[in-house]
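Engineer: Have a look at this one.
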Amino acid sequence: MPRDRFVFASVVVLGSLVAAGAQTPTPTPALDRRGKPLPFGVQPYYLPDVPLGTGPYKAIMSQEKGLSEQVAYFPADLSKRGAGKLPIVAWGNGACMYAGNRFRGFLTEIASHGYLVIAAGPLQDKELEVGPQENPAPRQSGAAPPPAPPAPDPANPPGRVTMAMMKHGIDWALEQNADAGSKFHDRLDTQHIVSMGQSCGGGLAVQLAIDDPRVTALGVWHSGAGLGQRGNEAAIALEKIRGPVLIITGAQPLDIAFESGRNTFERINHVPVFYAWRDGMQHIGTYGAANGGELGQIAWSGSSGPPAAIPPPPACSKARRAGCARTPPGTSRGRRSINSPE
């Protein structure tokens, strides 16, 4: 198995797509003080320096010097990694929300398994740490284009996450790794940098993987090429992506990004790519559940070893509703159901 495929699978699990006790949103959610729904319930709040996550390297959230528009997630005790180095993950928020703590539970879970995650957007109000909560209505086939975006929501912070913010996070990480005075000095795996994001942030992650030659893998969560951006989706140069790709969406009737994710998958033919969706899953996924819920498990599993659960299967079946994967000739390929074990 090529090393880049192994390392990417250690960031975004392909072998454990079914997590025990997955949390799903309640149809009658409680409301926060702003009147916003909390379909995963009220999660306990912890100060940023409280180590969290289910992994062996409990992780914290921090707005580090030099990251005025980003939030970093990393193991609280870096010495526990020993000689092991932390791969770097650059993250873009759903809705391109300008709040690096928006996906705290999900990103802390990844970091607790031995990663440095840098989310675009500064540290904002703690009530934003719940992840996406309101499921946007999917556009029906043949329906008219969506109306113009509404006026800015005063409950959301001003500003917007950009690809430049994600790129700056990578720049900063590489500088820290080279700085003898930094706590991250020589602790980062600079050969393995993953661009990831959800919804609007997933569109940014795709573009970053195209534009930045340092990015070695791509994770697209409830998103696809061009999502949240202006311009022609078909004009996005996906052939410039340099490493393996993971695409996860919800079900077609419930996820506004389903078509975008599927179309992105269909256009990638030059690098290993895995695409899967879960029946019944909404666009908001399980990011707002404790530790990111089922998607939090998918995002880290496999970090302790190679993804042995990805056997070389028959040719990819596009009709298969559970999931599908393909790689160019001469490389390993596999598929795995996201709904039930195979």
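Engineer: Mind listing whichever residues of region 269-286 are β-branched (Val, Ile, Thr) and either under 21 Å from PRO39 (Cα atoms) or surrounded by 23 or more Cβ atoms within 10 Å (Cβ to Cβ) (or both)?
Structural biologist: Within region 269-286, VAL273, ILE284, THR286 qualify.
Engineer: Here's a check for you: in region 237-273, which residue that is among the acidic types (Asp, Glu) and out of contact with any Ser or Thr (no Cβ under 9 Å at 6 or more places or on another chain) is farthest from ILE193 (Cα to Cα)?
Structural biologist: Going through the qualifying residues, I end up with GLU266.
Engineer: Determine which member of the set LEU227, LEU204, LEU208 is within 19 Å of GLY121 (Cα to Cα), at pLDDT below 95 and of a type in the set (A, V, I, L, M, F, W, C).
Structural biologist: LEU227
Engineer: For a quick check of your reading of the model, give me the residue pairs whose first member lies in region 28-41 and is more than 19 Å from GLY292 (Cβ to Cβ), whose second is of a type in the set (Gly, Ala, Ser), with beta-carbon atoms closer than 6 Å and at least 6 apart or on different chains.
Structural biologist: ARG34/ALA155
Engineer: Can you tell me which residue in region 186-201 is farthest from ILE284 (Cα to Cα), limited to those that are outside any helix (DSSP H, G or I) and hydrophobic (A, V, I, L, M, F, W, C)?
Structural biologist: The residue in question is LEU188.
Engineer: Quick one: which of ALA251, ALA217, ALA235, ALA205 is under 19 Å from the mean Cα position of the chain (by Cα), small (Gly, Ala, Ser) and surrounded by fewer than 22 Cβ atoms within 10 Å (Cβ to Cβ)?
Structural biologist: One residue alone meets the criteria, ALA251.
Engineer: Then there is this: Among the candidates ILE268, ILE338, which residue alone is of a type in the set (A, V, I, L, M) and either under 22 Å from ARG102 (Cβ atoms) or at pLDDT 95 or above (or both)? Even if it seems obvious, please write down each step before you answer.
Structural biologist: On the way: ILE338 fails: either under 22 Å from ARG102 (Cβ atoms) or at pLDDT 95 or above (or both).
Of the residues listed, the single one that is of a type in the set (A, V, I, L, M) and either under 22 Å from ARG102 (Cβ atoms) or at pLDDT 95 or above (or both) is ILE268.
Engineer: Something else: Could you run through region 254-280 and say how many residues are assigned to a loop (DSSP other than H, G, I, E, B), over 16 Å from the mean Cα position of the chain (by Cα) and without any contact (Cβ under 8 Å) to a residue 60 or more places away in the chain?
Structural biologist: Going through region 254-280 one residue at a time, the tally reaches 4.
The values are calculated or read from the model by the stated rules, or taken from the named source; none is laboratory data. In this text, all values refer to a predicted model and were calculated from it rather than measured experimentally. Heads up, the Cβs are rebuilt from the backbone with ideal geometry, glycines too, and the neighbour counts pull from every protein chain shown.
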